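Below: one structure, written as structure tokens.
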Amino acid sequence: FLFNTLNMISQTAYMESAEDTAALLGTTARLLRYTLDNTDKAVTLAREIEILGNYVELQEKRFGERISFEFDLDESFHQMVVPSMILQPLVENSISHGVGIKREGGKIKICTRYDAQHKRGIIVVSDNGIGMDEKTLERVRQDIRVLDRPGQRIGLGNVYLRLMIFFNHKAEMKVFSRPKAGTRIVLSLPCEESEDRKEGDLNVSDRCGR
């Protein structure tokens, strides 16, 4: 219902020559459709990054010049399969707890690299926000790794839990931060370059790097 309603509003806006509004509604509809279609499913990293681009587009409209976004991508391993909705929470965290309060000059960078030596896909989301002191950082690191409260987990902890289940505890999430120097979140995922990778139901047997 919500998806169809957004499309209807988008078409109405386009007919009224409100092209920017129509484009934003279309982007929102694509995000909603992705969420509805892929909850508890596995997708390629390429698809995750594509939908993240839609999310970033909306945030660029929301914050204007206050926050800039940069993608630095190594697409050689982007056909690996991951749980859906693992990237948006990382960027959302950077906005909410990092650069969202900055009046100008906020920067968020999304970077991917393939580590051929260790056969791992690396995903980094970094910002130049307010950062965290050592005590706060240690508490965040500990909270992320508490795996026995799945129903109470949101944000980074939820992403970590889903990755650990999906990759049979072979995934890694590391958080680095300094006060006034920003925060960096690093995902390291097992990824055999020669392995078959298929989108579909979220199942351990479907993951890359079994």
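Key figures for this structure:
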item	result
Cα-Cα over 27 Å, subset of 61/174; 119/180; 41/107; 61/180; 107/170; 109/174	61/174; 119/180; 41/107; 107/170
Per-peptide average of other Cβ atoms within 10 Å, ordering 24-33, 172-181 highest first	24-33, 172-181
Value in Å of the Kirkwood radius, where segment 45-151 supplies the Cα pairs that are averaged	15.3
Projected-area mean, segment 27-72, by convex hull of Cα positions, square nanometres	3.6
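Bear in mind these aren't lab numbers, they're just calculated from the coordinates by the rules spelled out. Note that the coordinates shown come from a computational prediction; the quantities given were computed from them, not determined experimentally. In this analysis, Cβ positions are derived from the backbone assuming ideal geometry, glycine residues included, and neighbour counts consider all displayed protein chains.
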